[in-house]
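Take a look at the structure below.
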Amino acid sequence: MSDAAISLAGTWNLRDSAGEYPCEMAIPGEVISALFEAKLIPDPYWGRNEYDLRWITEREWAISRNINVPENAAAQDWCLDISALDRVAQVLVNGTLVLSAANSFRRFKPKVALKPGANAIEIRFLSNTKAANELQAAQPFRVPFHAGNCPIPNGNMLRKAQCDFGWDWNVALMPCGIYEAPMLRVASSSEIGGVSAAQKHTKGAVVVDVSSEVSGAVAAFTVTLGEQKVSGRGPVKASFTIQSPELWWPNGSGNQPLHDLTVQVGDQIEHRRIGLRSMELISHPDDIGRNFKFRVNGHDIFCRGANWIPADALAGRITPEKTRDLLQSAVDANMNMIRVWGGGRYEADWFYDLSDELGIMVWQDFMFSCALYPATSAFLADVDIEVREQVTRLDHHACMAVWCGDNELLGALTWFEESRNNRDRYLVAYDRLNRTLETALKQTVPHANWWPSSPSPGPLSFGDAWHDDTSGDMHFWSVWHEGKNFDHYRNANPRFCSEFGFQSYPSMDVIRAFADPEDMNISSQVMESHQKNKGGNARIAETMFRYFRFPKDFENFVYLSQVQQGLAIRTAMEYWRSLKPHCMGALYWQLNDTWPVASWSSLNHGGGWKALHHMAKRFFAPVTVSVIPDKNAGLAINSVNDTLLEVSVSVTVFAVEMGGNTHEIGHAEGVVGPDTATTLLELDANTLPVGLLLAYVWQASDGTRGGDHYSSLPYKELKLENPNVRLGKSVEGGGVKLTLEVEKLALFVTVEAQVPGRFSNNCLTLFPGTPATITFTPKSGSAQEAAEGLITRDPYSSSH
Ligand code: BMA
């Protein structure tokens, strides 16, 4: 650390405004995690503790610390560089108010006067609820929020993660704190405001135009990109030409080379890493409506992925390591895009660094979600600055695919009586906000991709994008929120589905971390309080009635809930991938969880894989085969190739008796061109005798292979026999090697652990005589103990 900067990361002293609850607090961090670490409150995620801890957000809190400044340094001009300050806060230095902040998405740099020796710094977190209520009361007309999602009201008034007020998957604790290390800096005569790197791709070369806003005195600058260097004086502008560039590609389409870029002005230096790629959002009217696709380096890329919500409800528990694990799981499941959803927050720099490294394209919402928002001059002016800052901070990242205005604000216009009665007023207010976002984005980074809202049929269209599959992006919720069958996914032909989802329970090791054995019942108060979507448990149970024999106990209910979630999403994904190029992407809701809860996630809180995530790895494989029933009850054996090279695929299809005997009923070989979906074989529905299951195995010339099954009957109608799954275990190194053998056909065979960890594969279709081998690696602790707790589940055993 140079003496021109003092980090304020570390231990501060916390207390409430009355001086109660004195304890230490780590910065970056937040108040609730600090109180928990100090053992002043119980685990907020255990049982129903959430409700007993809401008082924390009703109080006002303050953190303080002293810093020592040497005599010679104190005379300099200092500023406090502070961002991710959540949210209504005052900062005092030596008793003088230096900042009143009210936007957790902005960066502030107030001047501060330091004295030699000890300097007292205090940050007061004022009441967010009070501020939100006052702001709502001061609006020229009421601006409604989604009370069903948010038990803490008026979150739409505050620039703060909207899910902090509660959501249909989130605990409502409304934390406050600081999520990035604040710094005291000596003000420089010339300050670098940001680094922009615009890329022009031509055949065989890339031109990178680098520029930086510099405030203050004109100074000499040096810009380096890899081995190339440009020096000058005055406005920072440097142009680099890179011949035969190694391009950055999304995961599954190529590698992710990154290049160091530095801008030096006087004693200031900024460092970035950029990937060379062109990233276009293509959307224009066509014969069907309006297409929607991403073109990277000139190639149309089918986007396979999921929606991202904050990595934890309590930001103090988020670490780069835990987040890397979640993003790595996305990559391991063959995803190439995530959508940073608008009800959370703009993530930290390291999040986008990780996405660059891993090849995950980021669809970035601006942080507005599922509510109406103010359009007062003060609100819009604040948002304007927020957008300029965030876009300047993030747009150079290779991963950055699109900036999207918001999540579901158009839909929200129909949710509230006020906006139904006066759509003109609320639509104009919406458009003022949306225009502010677009203008600030385009003025900051003219080359950035912009999409007005998710879902949206397209610019200046304000219609229903939930059921319109002709134009733009779609959120398709009819299966979950309207209770339609899984087959209903095949009635929608989206151009790009940016949200659709189906809930399941978290895995048993996660449930054990918040519930006592006596609470392990789906209608216990504890389980109901870890389900935030009204009617969610009933929807899970009702769906199980439709597809499975009812499970004999709670643990099997949990297991089947995950299987049916996987089936729902697989049904949609396989069909939508087969529609390529009509459909060019699907992102399911949602990748991760903020706390242990029944939700639409494929990863448990803590990062463990639910059944869906294992299935996603298969149905998202760049080359794959699936069975798509057509409207005439025939079955199309379809192959998709998302790679840039042609592949030959051979597939053999079997009818399977419940005892496990198989009869070949079809075989096909075909060439699947780069970036295409093809039907390899069409089977008449009668080819498959009633009561039998269809199974298939395939292999492709790129070395990949796979297989799965398809049932035309609901699983509850199959006369499954007891497969007597045998589980062989041997401890090898830090993991457990497992062998699975069955006596009869066994579906969705899942090994379950008592402790957190990662299975190499799971939720398998198994045949007698064909054992499967997988591994389990516990997250921590002894592999021997983990091995002892491993058990298997399958649908037959779940109901017998
Ligand atoms: C979508 C999201 C979220 C929500 C999810 C599940 O519409 O945008 O607001 O959590 O549905 O209901």
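Per-structure values
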{"item": "Full-stretch length increase - Thr11, Ser712 - with 0.36 nm per residue and alpha-carbon distance subtracted", "result": "246.3 nm"}
{"item": "Rg [Å, one decimal], Dmax [Å, integer] - the chain, C-alpha atoms", "result": "27.4, 89"}
{"item": "Degrees between helix 349-358 axis and first principal axis of the chain (Cα, 0 to 90, nearest 10)", "result": "40"}
{"item": "Helix 320-332 vs. the chain, principal-axis angle (Cα, 0 to 90°, nearest 10)", "result": "30"}
{"item": "Residue-normalised accessible area of segment 1-49, expressed per residue, 1.4 Å probe, Å²", "result": "49"}
{"item": "For segment 726-775, Kirkwood radius (reciprocal of mean inverse C-alpha pair distance, Å)", "result": "11.4"}
{"item": "Inverse of mean 1/r across different Cα pairs in segment 686-800, Kirkwood, Å", "result": "15.6"}
{"item": "Histogram of C-alpha separations across segment 31-171, 10 Å bin width, %", "result": "10, 32, 31, 18, 7, 1"}
{"item": "With all protein chains modelled, accessible area of Lys552 [1.4 Å, Å²]", "result": "110"}
{"item": "Segment 756-796 - Rg and Dmax from Cα coordinates, angstrom", "result": "11.9, 34"}
{"item": "Crossing angle, helix 554-578 versus the chain [Cα axis fit, 0-90 degrees, rounded to tens]", "result": "90"}
{"item": "Extension gain, Asp52 back to Leu727 (0.36 nm per residue minus Cα-Cα distance, nm)", "result": "238.7 nm"}
{"item": "Accessible area in the full protein assembly, largest first, 1.4 Å probe, for Thr765, Thr777", "result": "Thr777, Thr765"}
{"item": "Range of Cα positions in segment 230-352 per principal axis (Å), largest first", "result": "49, 47, 26"}
{"item": "Integer Hz, Karplus 6.51/-1.76/1.60 couplings in order for segment 81-86, x for Gly and Pro", "result": "9, 9, 9, 6, 8, 10"}
{"item": "Estimated FRET transfer efficiency when R0 is 30 angstrom, pair Glu418-Thr470 (beta carbons, to 0.05)", "result": "0.50"}
{"item": "In Å², nearest 10: area of Asp286 left accessible to a 1.4 Å probe", "result": "50"}
{"item": "Size of charge dipole - segment 245-324 - debye, nearest 20, with Cβ of Lys, Arg +1 and Asp, Glu -1, no other charges", "result": "280"}
{"item": "Where only alpha carbons of segment 479-534 are counted, the Rg and the Dmax (Å)", "result": "15.6, 47"}
{"item": "Solvent-free Debye scattering, log10 I(q)/I(0), computed from the Cα coordinates of segment 381-484 at q = 0.11, 0.21, 0.23, 0.24 Å⁻¹", "result": "-0.40, -1.13, -1.23, -1.27"}
{"item": "Between segment 594-667 and segment 269-290, the Cα center-to-center distance that results, in Å", "result": "29"}
{"item": "Space enclosed by the convex hull of the alpha-carbon atoms of segment 404-549, per residue, Å³", "result": "167"}
{"item": "Shape call, segment 165-295: gyration tensor on alpha carbons, a/c limit 1.5", "result": "oblate"}
{"item": "P(r) tail fraction, segment 146-242 - alpha-carbon pairs more than 23 Å apart, %", "result": "57"}
{"item": "Neighbourhood charge, 12 Å Cβ-Cβ cut-off, centred on Asn724 and excluding it, Lys, Arg +1 and Asp, Glu -1", "result": "-2"}
{"item": "Computed lengthening from His271 to Ala205, 0.36 nm per intervening residue step minus Cα-Cα distance", "result": "21.4 nm"}
{"item": "Translational diffusion of segment 1-112, µm² s⁻¹ [Kirkwood Rh, Cα pairs; Stokes-Einstein; 25 °C; 0.890 mPa s]", "result": "155"}
{"item": "Mean accessible surface per residue for segment 682-740, computed with a 1.4 Å probe while every protein chain stays in place, in Å²", "result": "53"}
{"item": "For segment 483-615, the spread of Cα positions along each principal axis, largest first, Å", "result": "51, 30, 25"}
{"item": "Accessible-area composition of the chain, carbon plus sulfur, in percent [1.4 Å probe]", "result": "50"}
{"item": "Average Cα contact separation per residue, the chain, under 8 Å, 6 or more apart, as relative contact order %", "result": "9"}
{"item": "Where N is the number of residues in segment 124-177, Cα Rg divided by 2.2 N^0.38 Å", "result": "1.09"}
{"item": "Per-residue [θ]222 nm for the chain (sum of -39500 (n - 2.57) over DSSP H runs n ≥ 4, rounded to 500)", "result": "-6000 deg cm²/dmol"}
{"item": "Long-range Cα-Cα pairs in segment 321-460 (distance over 28 Å), rounded percent", "result": "22"}
{"item": "Asp702, Asp519, ranked by accessible area, largest first (probe 1.4 Å)", "result": "Asp702, Asp519"}
{"item": "Under-5 Å amide H pairs with Trp450, H placed in peptide plane, nonlocal only", "result": "Trp403"}
{"item": "Kirkwood-based shape ratio for segment 574-720, expressed as Rg/Rh from alpha carbons", "result": "1.00"}
{"item": "Cα-based convex hull, segment 651-713, per residue volume (Å³, whole number)", "result": "94"}
{"item": "Under 5 Å, built H, 5+ apart or other chain: amide partners of Val653", "result": "Ile665, Gly666, His667"}
{"item": "Set of lysines with alpha-carbon distance to Lys115 below 30 Å, sequence-local pairs under 8 removed", "result": "none"}
{"item": "Kirkwood hydrodynamic radius over Cα pairs of segment 26-79, then Stokes diffusion coefficient at 10 °C and 1.306 mPa s, in µm²/s", "result": "112"}
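The values are calculated or read from the model by the stated rules, or taken from the named source; none is laboratory data. Just so it is clear, the model here is predicted, and its values are computed rather than measured. Don't worry about glycine lacking a Cβ; one is built from the backbone with ideal geometry, like all the others, and counts go over all protein chains shown. Remember, those area values only see protein heavy atoms, side chains included, never the ligands or the DNA or RNA. Shrake-Rupley method; radii C 1.70, N 1.55, O 1.52, S 1.80 Å.
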